[in-house]
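Presented below is the structure to which this report refers.
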4 protein chains.
Amino acid sequence: MSLNTFGHLYRVTTWGESHGPAIGASVDGCPPGIEVEEAYIQRFLDKRRPGQSRHTTQRDEPDRVRILSGVFNGRTTGTPVQLMIENTDQRSRDYSGIANSFRPGHADITYHLKYGIRDYRGGGRSSARETASRVAAGGLARAVLKVLAPEIEIRGYMIRIGEMVIDRSRVDWNEIDRNDFFLPDAQAVPAWSDYLRKIRKNRDSVGAEIEVVCKSAPAGLGAPVYGKLDAGLAAAMMSINAVKGVEIGDGMAAARLTGTQNADEIAMGEDGPAFLSNHAGGILGGISSGQDIVVRFAVKPTSSIMTPTRSIKTDGTPTRVSTRGRHDPCVGIRAVPIGEAMMACVLLDHLLLHRAQVGENPGGSIGLGP
Amino acid sequence: MSLNTFGHLYRVTTWGESHGPAIGASVDGCPPGIEVEEAYIQRFLDKRRPGQSRHTTQRDEPDRVRILSGVFNGRTTGTPVQLMIENTDQRSRDYSGIANSFRPGHADITYHLKYGIRDYRGGGRSSARETASRVAAGGLARAVLKVLAPEIEIRGYMIRIGEMVIDRSRVDWNEIDRNDFFLPDAQAVPAWSDYLRKIRKNRDSVGAEIEVVCKSAPAGLGAPVYGKLDAGLAAAMMSINAVKGVEIGDGMAAARLTGTQNADEIAMGEDGPAFLSNHAGGILGGISSGQDIVVRFAVKPTSSIMTPTRSIKTDGTPTRVSTRGRHDPCVGIRAVPIGEAMMACVLLDHLLLHRAQVGENPGGSIGLGP
Amino acid sequence: MSLNTFGHLYRVTTWGESHGPAIGASVDGCPPGIEVEEAYIQRFLDKRRPGQSRHTTQRDEPDRVRILSGVFNGRTTGTPVQLMIENTDQRSRDYSGIANSFRPGHADITYHLKYGIRDYRGGGRSSARETASRVAAGGLARAVLKVLAPEIEIRGYMIRIGEMVIDRSRVDWNEIDRNDFFLPDAQAVPAWSDYLRKIRKNRDSVGAEIEVVCKSAPAGLGAPVYGKLDAGLAAAMMSINAVKGVEIGDGMAAARLTGTQNADEIAMGEDGPAFLSNHAGGILGGISSGQDIVVRFAVKPTSSIMTPTRSIKTDGTPTRVSTRGRHDPCVGIRAVPIGEAMMACVLLDHLLLHRAQVGENPGGSIGLGP
Amino acid sequence: MSLNTFGHLYRVTTWGESHGPAIGASVDGCPPGIEVEEAYIQRFLDKRRPGQSRHTTQRDEPDRVRILSGVFNGRTTGTPVQLMIENTDQRSRDYSGIANSFRPGHADITYHLKYGIRDYRGGGRSSARETASRVAAGGLARAVLKVLAPEIEIRGYMIRIGEMVIDRSRVDWNEIDRNDFFLPDAQAVPAWSDYLRKIRKNRDSVGAEIEVVCKSAPAGLGAPVYGKLDAGLAAAMMSINAVKGVEIGDGMAAARLTGTQNADEIAMGEDGPAFLSNHAGGILGGISSGQDIVVRFAVKPTSSIMTPTRSIKTDGTPTRVSTRGRHDPCVGIRAVPIGEAMMACVLLDHLLLHRAQVGENPGGSIGLGP
């Protein structure tokens, strides 16, 4: 996991700046013979795309992905798959004001301090636009998973925006794609919509919390001790722009529990071990147990707000910064398909790692027979 | 970061099982010419060592580290440093009962499902004993940091055990080493002590939350976008046994904030930018800003408890498991020096990465002159 | 160095097939602030480009490189540099005959056996066209080296084509770019030209041997024991299409020498150690000594020849294959700029590695003073 | 392949200095469930061990390997295997003379220039003693290969010492272990023995050339384009102390051939493709073809000779160096088991890589049926 690459065997290298000619992902290590076409990957990009609703930025990018290599006659060849998305709506004039000043909460100042140079147009490399490349790579990962582990189902959804929280008893995955918020509860939509309209009207923004779940992941994924599945997921989610916390299973709340409360007791089910609870979020000792894998992460409020905040210029003089560009009042919304993509990439990576070390058959078995 | 190795340039590979002949860390990439001796590293191991107080396991290991390579005449040579700790008090009889059954909440079952074989003695590779190797590698990292970035100060401390939480207004780093809990508040010690005694008496265990802070870290550490400093810290902390959540700065709470609340405004200080708050935890866009780097993580309650819990045997038959061995009622306590060690390793790694790409002089500067 | 990536810190990932829409190199880890423009990189591509003379394939690709990311206002930003070359003259009809048969000496059969699918158009990923991406990445590496180690000079040249060998006493680097063969001897050109014309007329091809030298490389590059400079150069050169042997210094001939013959004795020069010979090719124990770094490699004859050779089809039936497409009678000629590019990338990579571990100042010095 | 680690998935990190307390190899990624014991690995170490005959150094090390981790009840567990060899016969007094001077042809001067410090006792990390760790890791790799690819046979043997060359027509693998030179020809032994005695008597040393062959390697190993099997073998062999050249198949001689001479024509055999020759050395496009994999490498003469050679001291003053310690007149002899070990590690690594990407079943097949 070095600089702009993640993954051990399904290796994704993303490149590109917000306002350069294009962005993309070079995916190396993809298994051969997998059916995939641009339209399949495009579906996931369309979910992440800005300009979808009034709650996400009005920038109107078609975000059209092109497969430049690694696919022949509709199937992967085992060579690197280059996924490119051209930047078509760049409007760099919007950002001219920030060339010499730093937006509070943004990477402007740290890029300047590190590199001594930064592509300030639209945040350059630090723009959330980079995540489109992840979603493309995640789409390809899903195509592979459909073949190697067809039972797997990956879903992300919003569980909190600022003060609004979901009602766990009403979660229905079928609702997620039917609203602008990836909310798993149709009834909550109007209230969330009002809340966000108020935020926007206040020239403000707000944070969010996303949960990503993988159902039916095979047991045995993850490699102790620094290749742990949860360590990989933590790095993957924390690498998403604006993410400030990552939880597996009970997450931070585990600190409040006692051992008896936390114990996921084990019984024998019809086709293997059946856990009586899932505080662990499907991962024990860094290895998947066969239960649902549950990850949550928090996204901070969009830093680019229209309310002026105190800052400095590159020459050290004080200034006030307020953003006029097109920005999401809640970047967290778009983080849902991104989190799903990272989950897909990490799981596929560990599936390949497991196949390398242990082979295609499960390592151990738990006796069911006579 | 692959399997049992972490770090890009300061690369730590740990090895060894709880009840094998020895455990250790192979550290590759250490800068040459650094003064270091076993006694210096031993100091950190002594802090992590079990048998220190009645609140940690009574296993009595001297945990004596030996430097087998990479140091000559008291200075590192630039070649791999092998840090070995022999296991002297193994008592494998304590664990004979668990050879054919799985402790709930433990890695027993996932190792079995993955590998089809596991060293069940003391948890084998999944034992918290592995973390002694990390602490040794972290001790060496500190010796290097003392030379390359002497201003850096790294401290970890407990902020929560179960229901007990620290009072932020009373935090005093000078107190941390004066009590059994790494508590930064002398006055809180008796209550925490009582609380933990009660937990133990109930044959139970409890979770914990640790905060690790790095003061005076240079700006510019971290490399977007998958080599982000916070992504590295998240993986490092999540890879510690029993950790279920990691936060940077405001962490999960960032989801509840608005953009105006969250904005760390910037002013100009005497020797560089001065932020007016630190919601970001010292990291923007994956790069350190020069503010305090603040990481928190939650450790779940010790899974090995004396209260019987339902489980199954390797042949699938039901059983009840209760642990008779020596175990901490709160493994989280020992996680404090471990968290510090991981922080030290990650920061050194990024310091070397930065020096590689950008050189020894800061990339950018912010005007202070005439 | 995994699959389609090479380098530790200056990491080059190439992608693309001979007859897909484009090929390219994603370069990660490039230092920031380096002046570079497309025209500078283009210069090196133009040297490798087919269609230059009658001795290389008549395929007429402009091989125009585009910088899609990582460069802003003419300087690198420290983020990934995407170098893309569109394929404009693809003529896939030329290759239709080989879709179901294997060209002897080619990767056709091994790709088929490994992946079960291959992009047969022009050799797909195994085409020498991939090397254009290396040359682009090497051009960028040279731009960085000009800043970090301006004294370095890298030159490659032909020393053998089949039976023709250079006369070492007549080597003149100024001649290299003045002929079609990268020959460092003007006088030899007519004879080589005749020889190659005869090869082509015989519907045959021929092998070649290339030498690449780096003058004024700083001492101290290379990291024992698996990061040795010579191990890196060996992998880099052997990874070039059709290369079958790599030598450092005396190379294979070292097996014939005695220790007294081979000893590179050391004297003290005006500004450091002065070796009295260079059998070692500038590398001792995997680390550069400050002498010229000397690498040679052998390129086998072009496998695609117009003379029919026995082979089989994918269904196992026998066939005879002869190539009708446009092919070099000696691919070795174009390997000269490729070898230079690999040398540039490897040296820069080790320069960054050294800076990371040891810093910008030399590790040791050898006394010159009173 | 970074610094002291090689391999992608079967990752070997070696550590230790010639005269430190111990040396060893940390092997990560080993498949679980493989039967292995110390005695099996010891067999390979005994072949490499000095003090075997009058032709290798008289240093008398038992070179006893201990397995410190990763093996439980005689089988690998999938966790890191630590292989340690204690240094028992160190006699550091022998080397006191070289603390302040540089042996020509040795890494003394380059370690000094790079790191500013070196463990001069016995060459420290640059000593050929490091190769014992490789042989141990190779022994473990062989145990795994016996299970995953039992048909594979790996053999190395001498083909040249100085002026003495083998007669290819007399090669008999059964003879290799019956003489002190790993010579595949019993009849040649007396002449080689005389030759080497003369070299030693002249206080000189001599180079050697070793060939390592893998019979019955499966087709499909190797991953284009920088993970090519031949690139991996080249790096592996070049990383062995004193190696100056590596060849695959026809090697450097390929430069002298024409395409018609070099073409390995293909017929259909009883159970797959049958090549009519093997100029390629079993590798096409970086992927194994199913033919014998043939690698050769040249080892330069031992640099430590008893004949005085001109050199300088660390303070720059001139000196003459002659070695009094125990040294092989031909280090190349011991390189035979080392070359075999590297071949075993590289092949296993690629076997795991292939299993990861393509799975356990062959990618493609070539029609044999109706």
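The values are calculated or read from the model by the stated rules, or taken from the named source; none is laboratory data. Since the model is a prediction, treat every value here as computed from it, not as a measurement. Virtual Cβ from ideal backbone geometry, glycine too; neighbours counted across all protein chains shown.
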When region B:178-190 is checked residue by residue, the ones that are surrounded by 12 or more Cβ atoms within 10 Å (Cβ to Cβ) and touching a Lys or Arg at 6+ places or on another chain (Cβ under 9 Å) are B:Asp180, B:Phe182, B:Pro184, B:Asp185, B:Ala186, B:Ala188, B:Val189
In region C:112-138, residues that are facing chain D (nearest Cβ under 8 Å) and within 16 Å of C:Ser239 (Cα to Cα) total 3
When restricted to C:Arg334, C:Arg310, C:Arg355, C:Arg320, the only residue surrounded by fewer than 24 Cβ atoms within 10 Å (Cβ to Cβ), within 29 Å of the chain's Cα centre (by Cα) and not small (Gly, Ala, Ser) is C:Arg355
Counting only residues in region C:9-30 that are surrounded by fewer than 24 Cβ atoms within 10 Å (Cβ to Cβ) and outside any strand (DSSP E or B), the one nearest to the chain's Cα centre (by Cα) is identified as C:Ser18
For strands (runs of 3 or more DSSP E) lying entirely in region C:191-273, having 2 or more residues that are surrounded by 24 or more Cβ atoms within 10 Å (Cβ to Cβ) and touching a helix residue (DSSP H, G or I) at 6+ places or on another chain (Cβ under 8 Å) picks out C:208-215, C:243-248
Given the conditions (1) more than 7 Å from chain D (Cβ to nearest Cβ); (2) of a type outside the set (D, E, K, R); (3) farther than 20 Å from C:Gly364 by Cβ, every one holds for C:Ala274 apart from (3)
Those residues of region A:145-168 that are crowded, with 24+ Cβ neighbours inside 10 Å and either β-branched (Val, Ile, Thr) or closer than 17 Å to A:Ser303 by Cα (or both) come to a total of 2
By residue number, the members of region A:233-271 that are more than 7 Å from chain B (Cβ to nearest Cβ) and more than 26 Å from A:Ser18 (Cα to Cα) are A:Ala253, A:Gln261, A:Gly269, A:Glu270, A:Asp271
Selection over region A:168-190 where residues are of a type in the set (Phe, Trp, Tyr) and in a loop (DSSP other than H, G, I, E, B) yields a count of 2
Checked pairs for region C:252-268, first on the phi < 0 side of the Ramachandran plot, second surrounded by fewer than 18 Cβ atoms within 10 Å (Cβ to Cβ) and among the aliphatic types (A, V, I, L, M), C-beta under 7 Å and 6 or more apart or across chains, list as C:Asp264/C:Leu276; C:Glu265/C:Leu276; C:Ala267/C:Ala274; C:Ala267/C:Leu276; C:Met268/C:Ala274
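Identify, from the list D:Asp349, D:Asp328, D:Asp271, the residue that is among the charged types (D, E, K, R) and over 26 Å from the mean Cα position of the chain (by Cα). Break it down into steps so the answer makes sense when it comes.
Working: D:Asp349 fails: over 26 Å from the mean Cα position of the chain (by Cα); D:Asp328 fails: over 26 Å from the mean Cα position of the chain (by Cα).
Of D:Asp349, D:Asp328, D:Asp271, the one residue that is among the charged types (D, E, K, R) and over 26 Å from the mean Cα position of the chain (by Cα) is D:Asp271.
Results for (1) closer than 30 Å to B:Leu353 by Cβ; (2) of a type outside the set (S, T, N, Q), shown as yes or no for each residue.
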site: C:Pro301; (1), (2): no, yes
site: C:Pro308; (1), (2): no, yes
site: C:Thr319; (1), (2): no, no
site: C:Leu348; (1), (2): yes, yes
site: C:Arg355; (1), (2): yes, yes
Flagged in region C:127-137 as modelled with pLDDT of 95 or more and of a type outside the set (A, V, I, L, M, F, W, C), in numbering order, are C:Glu130, C:Thr131, C:Ser133, C:Arg134
Here, strands (runs of 3 or more DSSP E) confined to region C:286-361 with at least 2 residues that are without any contact (Cβ under 8 Å) to a residue 60 or more places away in the chain are C:318-321
With criteria (1) over 23 Å from D:Ser2 (Cβ atoms); (2) surrounded by 24 or more Cβ atoms within 10 Å (Cβ to Cβ), C:Leu347 comes up short on (1)
By residue number, the members of region D:1-26 that are facing chain B (nearest Cβ under 9 Å) and more than 16 Å from D:Ser126 (Cα to Cα) are D:Ser2, D:His8, D:Leu9, D:Arg11, D:Ser26
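Table: residues versus (1) under 27 Å from D:Lys146 (Cβ atoms); (2) β-branched (Val, Ile, Thr); (3) in contact with a helix residue (DSSP H, G or I) (Cβ under 8 Å, 6 or more places away or on another chain); (4) at pLDDT 85 or above.
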| residue | (1), (2), (3), (4) |
| --- | --- |
| D:Gly7 | yes, no, yes, yes |
| D:Thr13 | yes, yes, no, yes |
| D:Pro31 | yes, no, yes, yes |
| D:Glu35 | yes, no, yes, yes |
| D:Arg43 | yes, no, yes, yes |
| D:Pro50 | no, no, yes, no |
| D:Gly74 | yes, no, no, yes |
| D:Thr79 | yes, yes, yes, yes |
| D:Asp89 | no, no, no, no |
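Among the residues of region C:291-307, which ones are more than 30 Å from D:Gly285 (Cβ to Cβ) and either within 7 Å of another protein chain (Cβ to nearest Cβ) or surrounded by fewer than 22 Cβ atoms within 10 Å (Cβ to Cβ) (or both)? Spell out the reasoning first.
Filtering region C:291-307 down to residues more than 30 Å from D:Gly285 (Cβ to Cβ) leaves C:291-292.
Correct list: C:Asp292 only.
Just to be sure before I move on: is C:Asn174 surrounded by fewer than 23 Cβ atoms within 10 Å (Cβ to Cβ) and more than 25 Å from C:Gln291 (Cβ to Cβ) in the structure I sent?
Numbers: surrounded by fewer than 23 Cβ atoms within 10 Å (Cβ to Cβ): yes; more than 25 Å from C:Gln291 (Cβ to Cβ): no.
For C:Asn174, the condition - surrounded by fewer than 23 Cβ atoms within 10 Å (Cβ to Cβ) and more than 25 Å from C:Gln291 (Cβ to Cβ) - is not met.
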message: Condition check: within 21 Å of the chain's Cα centre (by Cα) and more than 8 Å from chain B (Cβ to nearest Cβ). Does A:Ala107 satisfy that?
response: no
Picking from B:Leu284, B:Leu221, the residue that is at pLDDT 95 or above and out of contact with any Lys or Arg (no Cβ under 9 Å at 6 or more places or on another chain) would be B:Leu284
Checked against (1) modelled with pLDDT of 95 or more; (2) in contact with a Pro (Cβ under 7 Å, 6 or more places away or on another chain), B:Met343 satisfies every condition except (2)
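So, of the residues in region A:164-177 that are under 21 Å from A:Pro329 (Cα atoms) and modelled with pLDDT of 95 or more, which turns out to be farthest from the other protein chains (Cβ to nearest Cβ)? Step through it out loud before you land on a result.
Let us first name the residues in region A:164-177 that are under 21 Å from A:Pro329 (Cα atoms), namely A:164-166, A:176-177.
From the residues that got through so far, the ones that are modelled with pLDDT of 95 or more too are A:164-166, A:176.
Numbers: A:Met164: 10, A:Val165: 9, A:Ile166: 12, A:Ile176: 18 Å.
Step by step, filter region A:164-177, then rank; the result is A:Ile176.
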From the option list D:Gly332, D:Gly286, D:Gly282, single residue qualifying as within 30 Å of C:Val206 (Cα to Cα) and facing chain C (nearest Cβ under 8 Å) is D:Gly286
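Using the structure shown, decide if C:Arg134 is buried (at least 24 other Cβ atoms within 10 Å of the Cβ) and under 23 Å from C:Cys345 (Cβ atoms). Let's see the steps before the verdict.
Values: buried (at least 24 other Cβ atoms within 10 Å of the Cβ): yes; under 23 Å from C:Cys345 (Cβ atoms): yes.
Judged against the criteria, C:Arg134 is a match.
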